[in-house]
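To start, the structure under review is shown below, and the notes come after it.
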Amino acid sequence: MKNSGKGPPKQQQPTRLKNNLVSPKKELKKPPFNVGGEAVIEGVMMRSPHFYAVAVRNPAGKIVTMSERVNSAAEKYPFLKWPFLRGLISMYESMSLGFKALSYSAAIFEKGTEAPAKKGKRAVKAEKKGNEALDVTLSFAFAIVLAIGLFILLPYGLNKLLARKFHEIGTNRYLFNTGMVFFKLVIFFFYVWGISFFDDVKRLFMYHGSEHKSIYAFEDGKKLDYKNIAPYSTRHPRCGTAFIIVTLIISLFIFVLVLPAQLNPLQRILFELPLLIPIVSISYELLKLSDKFRDNPFIKLLIAPGLAFQRLTTKEPDAKMVEVAVTSLQTAVKLEMAWISKQAKAKKASKK
């Protein structure tokens, strides 16, 4: 399916095989690029370096997909691909694409299919861009406010309560910042554990597992059918959950070095927020390193908490969920391979 990303996203129905899964004509022995993704409502979003695709099973039981070009700022400004800068761009783009994918899946789940556009193409395009920009801005604003409340003010308050009994906590930067990170981990754990009892969230976590299993199979060059995908783990070192855990661990070391214990709540917010820049940058590089050297004992120790936490955020998927993940993966891979082929032909032609 071709989609330049310049118009409304298109849908496509996957080709049905005997095993009820979409499968490539031949196996990829050595994938030339990495893919990532996330679970959405009754579906999966997959991203290759230049494209992303979303596959969702609608209430009628059919899989519908959309795909678009990823217009990364790093393509326009190559310096943003430098180590310790690329992590910030990656986080922003992941959040932005994640929101788009969630919005699309919500619309499919509610309506069963995407409503056809009755307006002109230019009007649809302008309205779509305006709505997306507003939605993303409001979502980021809400996420920031919620994050400040849950992961700065609440741990700060709990730490101060504890300092009433153990006075040294309120004056010792090592103890106070260790307490801050500890309470953040506890809050994050109980938040995820609490929502995991909801049926919709359980299914989301199952789709999360299907995403990881499919990516493992792709990385190993396996034929993407359920028989090959099922044995893989639902836990993956590049997962966003692992990234969150790594950022919390890194934040402990940076907070201890930089932040005193005597800050008031407003000062704590004003100091912590800018420190997210080095924390995210370092965490992203460590996560990339962990994927490259995942058999190294030190790296295994570093990623162990993130992998362990994925026991909560991923569950074993059924065959139909894997089918959805594979459909999304196949769509993104097909678009990326076509783009690579086009670039190779253009490069070859320029040399003549």
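Measuring nothing but how far apart in sequence close Cα pairs (under 8 Å, 6+ apart) lie, relative to its length, segment 155-253 scores a relative contact order of 25 percent.
Sorted fewest first by neighbouring Cβ atoms within 10 angstrom, 339, 82 come out as 82, 339. Fully extending the segment from residue 200 to residue 142 would add 18.7 nm, taking 0.36 nm per residue of separation and subtracting the current Cα-Cα distance. Rounded if a/c is under 1.5, else prolate if a/b beats b/c, else oblate: with a ≥ b ≥ c from the C-alpha gyration tensor eigenvalues square-rooted, which is segment 157-229? Oblate shape, in that a/c is at least 1.5 and b/c is the bigger or equal ratio. In terms of its C-alpha gyration tensor, segment 36-351 has a prolate overall shape, because the principal axis ratio a/c (a ≥ b ≥ c, square roots of the eigenvalues) is not below 1.5 and a/b outweighs b/c. In segment 36-351, a dipole from Cβ-located charges (positive for Lys and Arg, negative for Asp and Glu) runs towards its positive end, and of 307, 263, 40 it is 40 whose Cα lies farthest in that direction. Of interest is the spacing of the C-alpha centroids, which for segment 57-84 and segment 150-169 amounts to 40 Å. For the pair residue 301 and residue 273, a Förster radius of 25 Å applied to the C-beta separation gives a FRET efficiency near 0.30, rounded to the nearest 0.05. Residue pairs exceeding 30 angstrom between C-alpha atoms, taken from 81/213; 76/347; 222/320; 213/351; 223/345; 227/347: 213/351; 227/347. Summarising the amide proton neighbourhood of residue 40: residues at separation of 5 or more, or on other chains, whose placed amide H is nearer than 5 Å comprise 45.
Dipole magnitude for segment 36-351: about 920 debye, using +1 per Lys or Arg Cβ and -1 per Asp or Glu Cβ, origin at the Cα centre. Segment 228-265 and segment 329-352 have Cα centres separated by 36 Å.
With a Förster radius of 22 Å applied to the C-beta separation of residue 285 and residue 178, the computed FRET efficiency comes to 0.40. Below 8 Å between Cα atoms, with a sequence gap of 6+, how large is the relative contact order for segment 36-351 in percent? Answer for segment 36-351 is 27 percent.
Each value in this text was obtained by applying a stated rule to the coordinates, not by laboratory testing. Keep in mind the model is a prediction, meaning the values are calculated, not measured. No Cβ is skipped: glycine too gets one built from the backbone with ideal geometry, and neighbour counts run over all protein chains shown.
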